[in-house]
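Chemist: First, the structure itself, so that you have it in front of you.
Please treat every number below as a calculation from the coordinates, not as lab data. Everything numeric in this text was worked out from a predicted model, so none of it was measured. Note that we place each Cβ from the backbone using ideal geometry, even for glycine, and neighbour counts take in every protein chain shown.
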């Protein structure tokens with residue numbers, strides 16, 4: 001004989017009926033929640049490339065990025081263009097609204113939806129006639145928000161592509177200073193390496209961030225490399241490494257395209273010389289010992 005849940009509960013003592021009814025109510029609510037539950041996506045959306053560079057020279061150019069929905073749910077994507085700057089020596093970026101930048105950089109779509117796994121090739125227009133005639137640092141930002149309601153705390157993701165543009169006739173002159181030179185007098189390892197700081201000393205209305213270019217000279221060897229982005233007033237750490245097998249005393253010089261340089265002498269033992277020199281020393285010492293023993297044995301034979 002089958003009994004209903006209501007009859008079973010009514011047959012129990014009074015002090016047990018209320019706790020059991022509350023427990024059943026919680027289970028029913030939890031079951032309904034699981035049926036409509038939308039888990040927070042850890043993947044969200046992706047964008048590529050992460051960096052876009054162009055020399056506009058007052059012209060109009062088209063660029064593009066790929067935005068992909070990596071989550072298992074339909075996402076509503078909103079795009080926005082903002083300028084950015086560095087706010088500390090670690091290179092931390094701060095994004096802010098700039099009317100000139102947003103007027104000169106316009107994506108084809110400012111709002112659209114992407115289904116799970118769907119990708120859009122989003123074009124954007126770079127108008128060199130509307131943008132300032134200087135170096136321009138902006139970002140095309142994409143923000144994802146779930147279309148369907150969620151019963152979990154779903155983060156609103158915002159990712160973007162950094163736009164690093166030059167607009168105008170020719171490149172602007174750079175002003176900077178090398179400081180905090182940290183290079184060991186004795187260089188052992190795979191190559192000659194060191195660290196230093198570089199400060200962007202530009203001032204005025206046309207002051208802007210840039211990527212400093214450096215040249216390292218060691219004897220007859222030369223290596224050119226580009227440093228990290230540095231904004232006016234920011235003093236950022238940089239580093240270099242000149243690989244190779246060398247032995248001797250060398251004059252090391254570092255110069256930049258911001259008309260600043262520094263140099264010092266270094267004692268170098270790098271590459272295969274780290275094991276070849278000790279081996280040669282052992283061989284020479286061994287030969288000397290053998291020569292001395294041979295010389296002593298000849299003297300003893302003569303006597």
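Chemist: I need the semi-axes of the equivalent ellipsoid of the stretch 69-135: take the C-alpha gyration tensor, multiply each eigenvalue by 5, square-root it, list largest first in whole angstrom.
Modeler: Square roots of five times the eigenvalues give 28, 18, 9 Å.
Chemist: Compare the peptides 75-88, 274-287, 241-254 by average per-residue count of other Cβ atoms within 10 angstrom and give them in order, highest first.
Modeler: 75-88, 241-254, 274-287
Chemist: Let me ask you something else. Hey, how much of the P(r) for the stretch 176-271 falls beyond 16 Å, as a percent of Cα pairs?
Modeler: Percent of Cα pairs beyond 16 Å in the stretch 176-271: 53.
Chemist: Along the Cα→Cβ direction, 7 angstrom out, place labels at residue 291 and residue 102. What is the inter-label distance in nm?
Modeler: About 8.2 nm, to one decimal.
Chemist: Could I ask something else about it? Hey, with R₀ at 41 Å, roughly what FRET efficiency would residue 76 and residue 190 work out to, going by the Cβ-Cβ distance, to 0.05?
Modeler: 0.25
Chemist: Which distance in nm do the two modelled labels at residue 276 and residue 123 give, with both placed 7 Å along the Cα-to-Cβ direction?
Modeler: Roughly 5.7 nm, to one decimal.
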